[in-house]
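Working notes for the structure below.
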Amino acid sequence: MGFLDGLWRGNDSAFDSGNAATNAIELTKRYAQVSLTKQGAATGNLRVNLSWRMRTSDLGGSQRESLLRHPFRALKPPEVIAHSQSMVNVDLDLGCLYELQDGTKGVVQPLGGLLGDVNGPPYVKLSGDDRFGSGSGETLYVNLDQRENIKRLLVFVYIYDQTPAFDRTQAMVTLYPGNGPRIEISLDERHPQARSCAVVMIENIKEEIIVHREVKFVYGFQGELDRLYGWGLQWGRGFKSKTGR
């Protein structure tokens, strides 16, 4: 955030003004929430995207330092690292705990094939499971035309199996409302042993749709997030198939 961003922020602002050139709002610890209703963006499908990849330093080791000492190495063909062990083991998953106004509770996530439904309850649908951090990542769709039926949604990210820690991935959760700027939440805090992170809460509070940054890391999985936020579901160990999505 630049110096001029601070000058334009009012005392009652609930979010960072972000980068005008990229039309984005960045939610931070200090400016943690935004009202989609007040932004005129509480209708249509809200797209929630998780993107991530390994940092270059994790994949290439001391390559930059090596080139400084041996500049002629830059003329050699680069090593193929796309299928290195560090890339294969990276697998972040996007999920959503939901609670509807009628008391119905549940989860949308890749494990168990619980992909949801955007046109019927829970009005949340997961597009699929990205195993390798592709450009498109993983995406949840929330039908805000059914907002009167939604009480709260907790979007979370968890590490599946032998993935490195969150601080070694450039993970970003981005919300794309049907109207107005996108909303970005970075998962770059250092929690080396954390396995899951509650990223953002979307709540219907007195008919106003509020997006609130959580970014709370826990050392367990969905069951621990459930206890932290009082969802009250029953959890068991789940596994993925070895092929595809």
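The values are calculated or read from the model by the stated rules, or taken from the named source; none is laboratory data. Note that the coordinates shown come from a computational prediction; the quantities given were computed from them, not determined experimentally. No Cβ is skipped: glycine too gets one built from the backbone with ideal geometry, and neighbour counts run over all protein chains shown. These area figures cover heavy atoms from the full protein model, side chains too; ligands, DNA and RNA do not enter into them. Shrake-Rupley method; radii C 1.70, N 1.55, O 1.52, S 1.80 Å.
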Exercise. When the residues of the stretch 193-223 are filtered to those that are more than 13 Å from the chain's Cα centre (by Cα) and aromatic (Phe, Trp, Tyr), which remaining residue is surrounded by the fewest Cβ atoms within 10 Å (Cβ to Cβ)?
Worked result: 219
Seminar exercise, completed: The strands (runs of 3 or more DSSP E) lying wholly within the stretch 11-70 that contain at least 2 residues that are closer than 19 Å to residue 153 by Cα and either open to solvent by 50 Å² or more (accessible area, probe 1.4 Å) or at pLDDT 95 or above (or both) are 33-35, 45-51
Problem set entry | Residue count for the stretch 139-152, restricted to those that are modelled with pLDDT of 95 or more and either surrounded by fewer than 19 Cβ atoms within 10 Å (Cβ to Cβ) or not aliphatic (A, V, I, L, M) (or both) | 9
For this session: Determine which member of the set 136, 186, 196 is in contact with a helix residue (DSSP H, G or I) (Cβ under 9 Å, 6 or more places away or on another chain) and either at pLDDT 95 or above or farther than 16 Å from residue 46 by Cβ (or both).
Result: 196
Exercise. In the stretch 161-183, what count of residues is obtained for those that are under 24 Å from residue 226 (Cβ atoms), surrounded by fewer than 19 Cβ atoms within 10 Å (Cβ to Cβ) and modelled with pLDDT of 90 or more?
Worked result: 0
Exercise. Which numbered condition trips up residue 158, out of (1) assigned to a strand (DSSP E or B); (2) modelled with pLDDT of 90 or more?
Worked result: (2)
